[in-house]
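All remarks here apply to the structure that follows.
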Amino acid sequence: MARYIFIIGGVMSGIGKGITTASVARILKSKGFRATCVKIDPYLNVDAGTMNPIEHGEVFVTEDGMECDQDIGNYERFLDENIFAQNYMTSGSVYLSVINRERALGYGGKCVETVPHIPEEVIRRLQNAAAKTKADFVLVEIGGTAGEYQNLVFFEAARMLKLRDPQGVIFILVSYFPIPKLMGEMKTKPTQYAVRVLNSAGIQPDFIMARAEMPLDEPRKRKLSVFCNMHPEDIISAPDILNIYQAPLNFEKDKIGHKILAKFGLHEKKNDLADWARMFRRSQHAKKEVRIGIVGKYFGTGKFTLSDSYISVIESIKHAAWEQGARPEIHWLDGESYEKDRRKMAKELGGMDGIIVPGGFGARAIEGKIRAIEYARESLKPFLGICYGMQLAVVEFARNVAGMPGANTTEVNSKTKYPVIDVMADQKEKYLKKDLGGTMRLGAYNCKLKEGTIACRAYKTTKISERHRHRYEFNNALKEVLESKGLVASGVNPESGLVEIIELRKHPFFLGTQFHPEFKSRPLNPHPLFREFIKASLKNKVKKNDKTHAK
Ligand code: GLN
């Protein structure tokens, strides 16, 4: 029988519930148990696929093609295991299945109500996730914070589950402790209120993770203990950290794993965070720097952070760089500005050791990105193009090398004479019918690599599988002529014949992938393409330094 650990937020969002969930899962794994994580998002979108990454952050994609919240990416990175679609739900998806069941007379003529039918559907899904993963522990992160209207029905599900199995469910409240500047003192009252709100939903936290700028001191632990009805040792200090991968190590200093197991009457079977600690140490000791420029369009968006839109790309760069003993310095470069100002582009890109053009949609900034790719090709700078970045690399090559003026992707210009990137017929149909949610080419597809290519050398095999999220594809009708001009289609889908990787010879590292390698990079297992890209970038840096010395 699986045990359930619910992770709930207090006071405000964005304080690391996802990292806490992933860290506790990693810790339980290190103690010899099977742990898995489920994310519940309280909004009505059926999945994250239709959401704007500027507002919501990156859309992560699972092996089986679920478009979900970026937290699933953190779970995968921390657990070093794949998480599948059954481990993600939104209010929208839960209501949709209840309503569809009602339409099929699945409730036998009963009145179908928010409670109990919605929480029952939530519990059914949690049990399904537990069964499919054969997990000893299912960690369930409930999005939002205690006191919101939207997530109440999920608290209700947690409470009902606990009622059925009082020994099998615990609650962790991840709460925020402000230190107002004028007072200079850490305040516990907001968290006391959060606990009250939870109590009124029938939930008593078993642990509080105290997120704050500083560690929580003993007097405050004692106070919380009295007001929140908890043992002081169950209130865990979780001060800010600069590197998320430190979290499991910090939590273990407080013996959180041992304490959680004790609540369930269990003992650890082993204790092995050594790999993790080694990885973290390597990240701390990395001295040489590698400067990676990411040319994107998500800029000037007011208060929203760009970095959240590309979180998996950033993490992949870090994993690969640390493995090479390097400290990544990531620069956000505004592709749109390159459309007007080539000199600025040359100056900015000239200072980078490697250039990435990541995924994206629509026409904005693409001419600037194409220029950046041209620069990378001509200046022999290591280049990694991901999804849209690969498609634009094909456009650049077609225009500037293969003699196809005005070549384009039909996403931007449907009338181009050279549609080197084009939409597949089935995708066109979906688009016209406005059947847009969850209908891109999504999830894992096979890819066969050509021997002797950069890709094959990186993966050290010819058979791979990678995750996708796009509607447009390399146009095979123009493949022969592009190849005759020097473009190498180094990875092809063996079933459909679609081109999945392109690269150039006579360049130290110029490679584009139709898939998203960033979804499969893990801190303990960096992705082979990021690894080779970072290695090439480090080599490029050495050369640059040599030149300066020679002067
Ligand atoms: N816009 C492109 C497509 O739909 C690329 C998508 C992406 O980069 N994820 O094919």
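Worth a mention:
- Long-range HN-HN contacts of Ile235 with modeled amide H, under 5 Å: Ile208
- Per residue, the stretch 9-147 exposes 34 Å² of accessible surface when a 1.4 Å probe is rolled over the protein heavy atoms with every protein chain present.
- Pairwise centroid distance, computed over Cα atoms, of the stretch 207-271 with the stretch 427-482, Å: 45 Å
- Whichever aspartates and glutamates have a C-alpha closer than 12 Å to that of Lys450, once near sequence neighbours (fewer than 8 apart) are set aside: Glu500, Glu503
- By the compact-protein rule of thumb, 2.2 N^0.38 Å, the alpha-carbon radius of gyration of the stretch 141-222 corresponds to a ratio of 1.21.
- Within-12-Å neighbourhood charge of Glu336 [Cβ basis; K, R +1; D, E -1]: +2
- 3J(HN,Hα) couplings calculated from phi for the stretch 91-104 with the Karplus curve 6.51 cos²θ - 1.76 cosθ + 1.60 (θ = phi - 60°) are, in sequence order, 4, x, 5, 5, 4, 4, 6, 5, 5, 4, 5, 4, 5, 9 Hz; Gly and Pro show x.
- Computed over the alpha carbons of the stretch 1-113, Rg followed by Dmax gives 16.0, 48 Å.
- Checking every one of the trypsin sites (Lys or Arg not before Pro) in the stretch 207-263 against DSSP loop status and a limit of 15 other Cβ atoms within 10 Å picks out Lys255.
- Radius 14 Å from Cβ of Ser91, net charge of other residues (Lys, Arg +1; Asp, Glu -1): -4
- Taking every DSSP bridge with both residues inside the chain, close to 30 percent are antiparallel.
- Estimated FRET transfer efficiency (Phe227, Lys417; beta-carbon r; R0 60 Å; 0.05): 0.25
- When nucleic acids and ligands are ignored and a 1.4 Å probe is applied, Lys270 ends up with an accessible area of around 100 Å².
- In the stretch 267-398, the portion of solvent-accessible area held by carbon and sulfur atoms comes to 49 percent [1.4 Å probe, whole percent, DNA, RNA and ligands not counted].
- With every protein chain in place, the stretch 428-551: carbon and sulfur % of accessible area (1.4 Å): 51 percent
- Summarising the amide proton neighbourhood of Phe510: residues at separation of 5 or more, or on other chains, whose placed amide H is nearer than 5 Å comprise Phe383, Leu504.
- Taken over the alpha carbons of the stretch 284-383 as equal point scatterers, the Debye sum produces base-10 log I(q)/I(0) values at 0.19, 0.24, 0.25 Å⁻¹ of -0.94, -1.31, -1.37.
- A 1.4 Å probe run over the protein chains yields, for the stretch 209-327, 50 Å² of accessible area per residue, whole-number rounding.
- Put simply, when 107-116, 522-531, 492-501, 423-432 are sorted by average Cβ atoms within 10 angstrom per residue, most first, you get 522-531, 492-501, 423-432, 107-116.
- Helical contribution to [θ] at 222 nm, DSSP H n ≥ 4, -39,500 (n - 2.57), averaged over the chain, rounded to 500: -12000 deg cm²/dmol
- Computed extension length for Ser13-Gln284: 94.8 nm, one decimal, from 0.36 nm per residue of separation with the Cα-Cα distance subtracted.
- Positive minus negative residues near Pro190 (Lys, Arg vs Asp, Glu; Cβ under 12 Å): +4
- Surface share of carbon and sulfur [accessible, 1.4 angstrom probe, percent] for the stretch 127-245: 56 percent
- Euclidean distance between Cα centres, the stretch 356-424 to the stretch 493-507, Å: 15 Å
- Solvent exposure of Phe474, expressed as accessible area, is near 10 Å², computed with a probe of 1.4 Å over the protein chains only.
- Per-residue HN-Hα couplings for the stretch 207-214 [Karplus 6.51, -1.76, 1.60; θ = phi - 60°; Hz; x = Gly/Pro]: 9, 10, 9, 8, 7, 6, 5, 10
- Using a Förster distance of 35 Å, the FRET efficiency for Phe264-Leu242 (Cβ separation, nearest 0.05): 0.60
- Geometric descriptor of the chain, per residue, is 175 Å³ (volume of the convex hull of the Cα atoms).
- Taking every protein chain into account, the accessible area of the stretch 358-398 amounts to 22 square angstrom per residue (probe 1.4 Å).
- Rounded tilt (10° steps) of 17-30 against the dominant C-alpha axis of the chain: 80 degrees
- The 3J(HN,Hα) values that the Karplus relation (6.51, -1.76, 1.60; θ = phi - 60°) gives for the stretch 485-498 are, in residue order, 8, x, 6, 9, 8, 8, x, 9, 6, x, 7, 9, x, 6 Hz. Gly and Pro appear as x.
- For the set Lys181, Lys463, solvent exposure ranked by accessible area (probe 1.4 Å, protein chains only) runs largest to smallest as Lys181, Lys463.
The values are calculated or read from the model by the stated rules, or taken from the named source; none is laboratory data. Note that the structure is predicted; figures quoted are calculated from it, not measured. Here Cβ is always computed from backbone atoms with ideal geometry, including for glycine, and neighbour counts include all displayed protein chains. SASA here: full protein model, heavy atoms, side chains in, ligands and nucleic acids out. Shrake-Rupley method; radii C 1.70, N 1.55, O 1.52, S 1.80 Å.
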